[in-house]
Amino acid sequence: MVAGGVAGLVVGGGVLAWSADGEEAEAGQEARLATAVVSRGDLVDTETVDGKLTYDGVRTVWAGASGVVTWAPKQGATVKRGGVLLRVAGEPVTLMYGDSPMYRTLGRGDSGKDVRQLERNLRALGHGGMTVDKEFTGATEAAVREWQDDRGLEETGTVGADQVVFLGGAVLVRDVKAPEGKRVGQGQPVLTVASTRRVVHVDLDADKQDLAREGAEVSVLLPGGKAVDGKISEVGAVAKSSGSGQDEETTVDVGISLGGAGTGRLDEAPVSVELERERRKDVLSVPVEALLALREGGFGVEVVEGAGRRLVPVDVGAFGGGRVEVSGGGLRAGLKVGVPAE
């Protein structure tokens, strides 16, 4: 109730006040008001944190051949299935897709999931005539010879780590550790690569860990001001500390997956991430600036109906996105309320 009280709002250098009977009175210069609509829907309170836009799945590629590197890709290059990762002693090392590393030389009579992985790639590269299974048969050998002929390799019918590297998919070259002219041996690092999937990494303060929930949708503000949608894909289970004394910080790793479209190619670029603090579903809300402080305490809004205006006390709930949850006084979606004019 507002009986016996006066509500006031400072607007444009003056104060618009209401007397106990609801009639409006002026003090100072005349207030300038506009209107906003009472809306019904979800109200989301967010917190913005810093993150870095990068690529997922950073890993090292190890040499399977020994000799002098005669060609290496440029930093930032993308290599897809069948593409050359580097050349050692003039011979290409080819990227094929798969989760199992090339740990042995494959030939007729061998069996295992690495055989099936090789056959799947041979077929995808146009060398068929075999059954994709776990058995390296004569048909598999024929497909290998055909592939080797296309690559300019000696047609041995066997495939080893000096010819093929299995990785999870297309890769982006982040760092060339073995440039042209460098001599490498088996097991030495030659490239650092990442998948082409765009992700954001956030070092989130440990005391804010509750803000990050796997599967939750977030908004990411990219360099240049474009906002894109993301989804939290991973929340670290172990906190890490950096600094010392009063400067010590404890954080958890949070990974955010992005669709990829429109995110550009910048790596390690700073971004802002909006994490959801609270969501109130199906509530009435008004712009925060529509709230009026009541002299006896609490808040109200000025409902505008035609040429008339009336003060309605409200209960205030959650805040989010420049709006505030309100209830009471017969409020409903679609009503207009007074706000300061710009």
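Coordinate-derived values only; no laboratory data. These numbers were taken from a predicted model, which means no experiment stands behind them. Neighbour counts run over all protein chains shown; Cβ positions are idealised from the backbone, glycine included.
Okay, here's what the table says:
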| item | result |
| --- | --- |
| Within the range 38-78: backbone nitrogen closer than 19 Å to the SER327 label point (7 Å, Cα to C-beta) | 38-45 |
| Estimated D of the chain in µm² per second, where Rh is the Kirkwood radius over Cα pairs and Stokes-Einstein applies at 37 °C, 0.692 mPa s | 128 |
| Cα→Cβ-extended label distance, 7 Å offset, between THR35 and ALA269, nm | 4.3 |
| For the range 231-317, projected area of the alpha-carbon convex hull averaged over all directions, nm² | 12.6 |
| With Cα atoms, 0 to 90° folded angle of helix 113-124 axis to the chain main axis | 80 |
| Degrees between helix 138-151 axis and first principal axis of the chain (Cα, 0 to 90, nearest 10) | 80 |
| Cross-link reach list, lysines versus LYS231, counting only Cα pairs under 22 Å and skipping chain neighbours closer than eight places | LYS52, LYS208, LYS281 |
| Estimated inter-spin distance, ASP253 and ARG277, nm [label 7 Å along Cα→Cβ] | 2.8 |
| Segment ALA237-LEU221, extension gain: residue separation times 0.36 nm, minus the distance between their alpha carbons | 3.2 nm |
| Estimated 222 nm signal from helices in the chain, with DSSP H stretches of n ≥ 4 weighted -39500 (n - 2.57), rounded to 500 | -2500 deg cm²/dmol |
| Partners for LYS177 among lysines (Cα-Cα distance below 20 Å; same-chain residues under 8 apart left out) | LYS74, LYS80 |
| Ellipsoid equivalent to the range 59-195 - semi-axes via the Cα gyration tensor, in Å | 25, 15, 13 |
| Inter-probe distance in nm under a simple model that places probes 7 Å from Cα toward Cβ, at ARG123 and LYS74 | 3.7 |
